[in-house]
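A.B. asks: If you scroll down you'll find the structure; I have some questions about it.
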Amino acid sequence: MPRIDGRRPDQLRPVEIIPHVNQFAEGSCLIRCGNTQVFCTASVEDRVPPHVAEGHGWVTAEYSMLPRANRERSKRDIAKLKLSPRSAEIQRLIGRSLRAVVDMEALGERTITVDCDVLQGDGGTRTASVTGGFVALALACRKLMTRGELTKMPLKSFVAAVSAGIVGEEPLLDLCYEEDSSAQVDLNCVMDGSGRLIEIQGTGEGRPFTIEEQRRLVDLCAGGIAELQKLQRDIVGELG
């Protein structure tokens, strides 16, 4: 089955990560995955939440979509006086994914907040946020090292994420909106720099799916994530 944009089943959408797009944030980037665009910033504060152990740091994330990021205008969360359930779930995913590779003791008693604001959504906003959010986080850590505030890089590995799904009974990598909206199975996958799984979110939207199908989708994601992490390395360099 030919894809809407002519890609192969195992091919990512065109990806671009532009670093240092915010002059004030310690780390920032704009990530473009096809027509999806997410603005990511990392901000450092010299304090930690009460639950964090003494001598340790913390990494958290916030996620939102601008009112015209989608085909129709949506209300801002602030207008609804609460965070939408979808935004809350996605920002928890981003935070978990980033914390999985952070040495909190090496980070020290400081908090890094990664903000992911969707400028334009065409599928895969959560996975683009994880991938771009990591770049913003890594650039912030680099700046702290340059300032002499850190003596050791607190990031233990890279993190990137991508989606895959079954559309018309065919496994496809990196679904755009039209593919995602008609997918029988939808799966989001987060991996570290060694190809180890951090999180999988898989849903049988149109039908249940088998373990073999899940493995096929994860294999597709692994190939895409390896390409995304190469782009990340080109920007932030090696972590060691």
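A.B. asks: GNM, the chain, Cα, under 10 Å: largest mean-square fluctuation among PHE134, PHE24, PHE158?
C.D. replies: PHE24
A.B. asks: Could you give the length gained on full extension between GLN214 and ARG99, defined as 0.36 nm per residue of separation minus the Cα-Cα distance, in nm?
C.D. replies: On the way: separation 115, 0.36 × 115 = 41.40 nm, distance 2.51 nm.
Contour length minus Cα-Cα distance gives 38.9 nm.
A.B. asks: Would you mind checking the tilt of helix 85-99 against the longest principal axis of the Cα atoms of the chain, expressed as 0 to 90 degrees and rounded to 10?
C.D. replies: Tilt of helix 85-99: around 60 degrees.
A.B. asks: When the chain is modelled as a GNM with alpha-carbon springs shorter than 10 Å, which of LYS75, LYS143, LYS152 fluctuates the most?
C.D. replies: Of LYS75, LYS143, LYS152, the most mobile in the Gaussian network model is LYS75.
A.B. asks: I'd like to know which of GLY202, GLY133, LEU231 lies farthest towards the positive end of the charge dipole of the chain, counting +1 on Cβ of Lys and Arg and -1 on Cβ of Asp and Glu.
C.D. replies: GLY133
A.B. asks: What is the dipole size for the range 132-230, taken about its Cα centre, with +1 at each Lys and Arg Cβ and -1 at each Asp and Glu Cβ, in debye to the nearest 20? Let's see the in-between values first.
C.D. replies: Numbers: 10 positive and 15 negative charges, 202 e Å.
My answer is approximately 960 debye.
A.B. asks: If you take every residue apart from GLY55 with its C-beta less than 10 Å away from the C-beta of GLY55, what net charge results, scoring Lys and Arg +1 and Asp and Glu -1? Present the calculation step by step, with values, prior to reporting the outcome.
C.D. replies: Values: positive: none; negative: GLU54, GLU105, GLU109.
Result for the local shell: -3.
A.B. asks: With θ set to phi - 60° and the Karplus curve 6.51 cos²θ - 1.76 cosθ + 1.60, what are the ³J(HN,Hα) couplings of the range 162-174 in order, to the nearest whole Hz, using x for Gly and Pro?
C.D. replies: Listing the rounded values in order: 7, 9, 8, x, 10, 10, x, 6, 10, x, 10, 8, 6 Hz.
A.B. asks: Quick one: what do you get for the range 4-163 if you divide its Cα Rg by 2.2 N^0.38 Å?
C.D. replies: Details: Rg = 16.1 Å, N = 160, 2.2 N^0.38 = 15.1 Å.
So the range 4-163 has a normalised radius of gyration of 1.07.
A.B. asks: Now, a different point. Could you tell me what fraction of 2.2 N^0.38 Å the Cα radius of gyration of the range 148-240 comes to, as a two-decimal ratio? Before the final figure, lay out the partial values.
C.D. replies: Details: Rg = 15.6 Å, N = 93, 2.2 N^0.38 = 12.3 Å.
Compared with the compact-globule rule of thumb, the range 148-240 sits at 1.27.
A.B. asks: What's the tally of Lys pairs in the chain whose alpha-carbon atoms lie under 25 angstrom apart, where the two lysines are 8 or more places apart or on different chains? Could you put the intermediate results ahead of the total?
C.D. replies: On the way: LYS143/LYS152; LYS143/LYS156; LYS143/LYS230; LYS152/LYS230; LYS156/LYS230.
Lysine pairs satisfying the spacing and distance rule in the chain number 5.
A.B. asks: OK, next. Are there any trypsin sites (Lys or Arg not before Pro) in the range 180-240 that are in a DSSP loop and have at most 12 other Cβ atoms within 10 Å? List them by number. Each step should come with its number before you reach the end.
C.D. replies: Details: sites: ARG196, ARG215, ARG216, LYS230, ARG233; in loops: ARG196.
Hits after loop and neighbour filter: ARG196.
A.B. asks: If the only charges are +1 at each Lys and Arg Cβ and -1 at each Asp and Glu Cβ, what is the size of the charge dipole of the range 17-135 around the Cα centre, to the nearest 20 debye? Each step should come with its number before you reach the end.
C.D. replies: On the way: 15 positive and 14 negative charges, 159 e Å.
The dipole magnitude comes to about 760 debye.
A.B. asks: If you build a Gaussian network model of the chain, linking Cα atoms that sit under 10 Å apart, which residue out of ALA88, ALA136, ALA42 swings the most?
C.D. replies: With Cα springs under 10 Å in the chain, the top fluctuation among ALA88, ALA136, ALA42 is at ALA88.
A.B. asks: Right, here's the next one. Rounding to the nearest 20 debye, state how big the charge dipole of the chain is about its Cα centre with +1 on each Lys and Arg Cβ and -1 on each Asp and Glu Cβ. Don't skip to the answer; put the middle values down first.
C.D. replies: On the way: 30 positive and 34 negative charges, 95 e Å.
In debye, rounded to 20, the chain gives about 460.
A.B. asks: Grab the DSSP H runs of the chain that are 4 residues or longer, score each as -39,500 (n - 2.57), total them, divide by all residues and round the 222 nm result to the nearest 500 deg cm²/dmol. Don't jump to the answer; show the numbers that get you there.
C.D. replies: Working: 6 runs with 76 residues, N = 240.
Dividing the helical sum by the residues of the chain leaves -10000 deg cm²/dmol.
Read the figures in this text as sums done on the coordinates, not as results from a lab. As the structure is a computational prediction, the values presented were derived from the model and not from experiment. Here the Cβ is made from the backbone with ideal geometry for all residues, glycine too, and neighbour counts use every protein chain on show.
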